[in-house]
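J.: Pasting in a structure now, in C-alpha cells, and then I'll have a few things to ask.
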Amino acid sequence: MEVEETQAGRSLLANSNMSSAEVVLGFLEEAEPWRLRSSQFPSKVGGKPAWLSQKDLPSLHELECEICRLPMVFLLQVYAPISGQDRSFHRTLLLFCCKTPECYSHNDSRCMKVLRSQLPRRNEFYPYEPPPEDEPPNGTEEDHTVLSVSGFKLCWMCGCPGNKACSRCHTVTYCGKHHQTLHWKHSHKKECCSPDATVVTSSPLLFPESELVTEPEEEEDEEGKQGKDTEAEEEGSIQKSLDCPSLADTLTETDLEEMAMHETEDNKVFQHFKKKIAPEPHQVIRYSRGGSPLWVSSQHIPSDEDIPPCTCGAKRMFEFQVMPQLLNCLPVDSTGASIDWGTLAVYTCSASCSHGDQYCPEFIWKQDFSSDQHLQIKDT
Ligand SMILES: [Zn+2]
Ligand SMILES: [Zn+2]
Ligand SMILES: [Zn+2]
Ligand SMILES: [Zn+2]
C-alpha cells in the first residue's frame, strides 16, 4: 500500500518495505535525457543536478570545496523517499565533489558535500499524481539544457545557481569567474554573440550522465544462482549495464594470493569487501538506510562521535555509499593525483527533518584504500 503511494517506480526505494539490513544496489544505465529531468524524480550520475526543490537552491558558498574554495561539481543524486512520512514523500540526496585532484588527500572528506531536499506530496512544484510513463510532448516540459529554474539563473557550466551573465552577449550565466573563464576558453570565445550560440557542446566540466537503476542485493548463500549470474555477465549478456571495467577485472589471481599471504586486519576487511561485491561487480551504489556501510579498509572507520548530529538535533544514520567502481566510469586521470576514493559513506538525519524548500547539508565520510590495496587496484 505504501509502495503505491510512492510516485516514482524508479525510486531506489521501490522496495520500500525492506528491513533496514537489506541492501539495494545501484547500477549505471543509459537513459533518454528527459527521464533524468527534475519532474521525473531521477536517480542519476553526472550531468547537471536535477534540483528537487525549485526554490532556495544552495548558495555558492555551500557548494564550495572547503580546501581549494573552487565551486564543486555535481556527482550524483539518489531519489529516496521515505514511505509513510509525508514530509519525505519526495526526497533526493545530491552529492557534489571538487574537481581539483590535489584536494583528494588520504581519508579527507572536505572535497565532497551532500545535500538533502525533500517535499510533501502536495507541493508547489510538482503535480500530485505521478509523472506519466511516456515522454512528455515537446515544448511543455523544461529543456534539459535549462538555464534557470523558478527564477533562479543557473550556471551554464555546472548547473548550480549562477546569476552573473557574460558581459558581451548577456545570454549565458555563471556561478562565478572560475566557470566563466573555463567556458570562455573552452568554446564561448567562438560562440559568444554568434546566432547559434545555444547550439552548444555540453559542458566539459560535468561528469557523463547516466541513470542509476537499482535491484536488491541477493542473499549470499544462493551459490547456484550467483554462479549463473557471473557466467551470464562474462558472456556480456547483461546488456543493460554500461561497459565499464569492474574492480574485479583489474585484480588478477596472483594479486589475491599475495594479499592472502599477509593476512592483516586490513586485508581481512578488504577481502570481505571484495567477496561481497563479487556477485555484482558493476554496483556503483549500495543503499541501506539504517544499515551499515561496507568498508574497504579497517582504517579510518568513523565512530559514533565522528558523525555529527543533524542541525535539528537528531542523530544521523548511514543511508548509502558510493563504490570505487564508479571511478572506472568517470573520466578521471588514473596517473598520479586524481579524483579518488575507496568508498564514500553518506549519513543523513534519522528524522529526515523538514527545512521547507531548503537544501539541508548532510554528512559524508570518505574512506580511501590503504596504500598497498591502492597499488593492487591501480596496477594493471
Ligand atoms: Zn578543492
Ligand atoms: Zn558554475
Ligand atoms: Zn557571451
Ligand atoms: Zn534533522
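The values are calculated or read from the model by the stated rules, or taken from the named source; none is laboratory data. Computed from a predicted structure; not experimentally measured. Please note: Cβ atoms are built from the backbone with ideal geometry, for glycine as well, and neighbour counts cover all protein chains shown. Just so you know, the surface numbers come from the protein's heavy atoms only, side chains and all, with ligands and any DNA or RNA stripped out. Shrake-Rupley method; radii C 1.70, N 1.55, O 1.52, S 1.80 Å.
J.: Please give me, ordered by residue number, the GluC sites (Glu not before Pro) of segment 18-87 that lie in loop per DSSP and have at most 16 other Cβ atoms within 10 Å.
T.: Here the sparse-neighbourhood loop sites are GLU22, GLU30, GLU66.
J.: Order ILE285, ILE67, ILE82 by their accessible area, 1.4 angstrom probe, all chains in place, largest first.
T.: ILE67, ILE82, ILE285
J.: Now for a separate question. Filter the cross-link list LYS44/LYS177; LYS55/LYS113; LYS274/LYS366; LYS153/LYS366 down to pairs whose alpha-carbon distance in this structure exceeds 30 Å.
T.: Checking Cα-Cα distances, LYS153/LYS366 exceed 30 Å.
J.: Next question. Just to confirm the filter: which chymotrypsin sites (Phe, Trp or Tyr not before Pro) across segment 51-131 are DSSP coil and have at most 16 other Cβ within 10 angstrom of their Cβ?
T.: Those satisfying the criteria are PHE125, TYR128.
J.: Taking amide hydrogens as modeled 1.01 Å from N in the peptide plane, which residues meet the under 5 Å criterion relative to PHE320, leaving out close sequence neighbours?
T.: Placed amide hydrogens put SER288, VAL346 under 5 Å from PHE320.
J.: If you don't mind, another one. What accessible surface, in Å², does a 1.4 Å probe find on TRP295, ignoring ligands, DNA and RNA and rounding to the nearest 10?
T.: Surface accessible to solvent at TRP295 totals approximately 30 Å².
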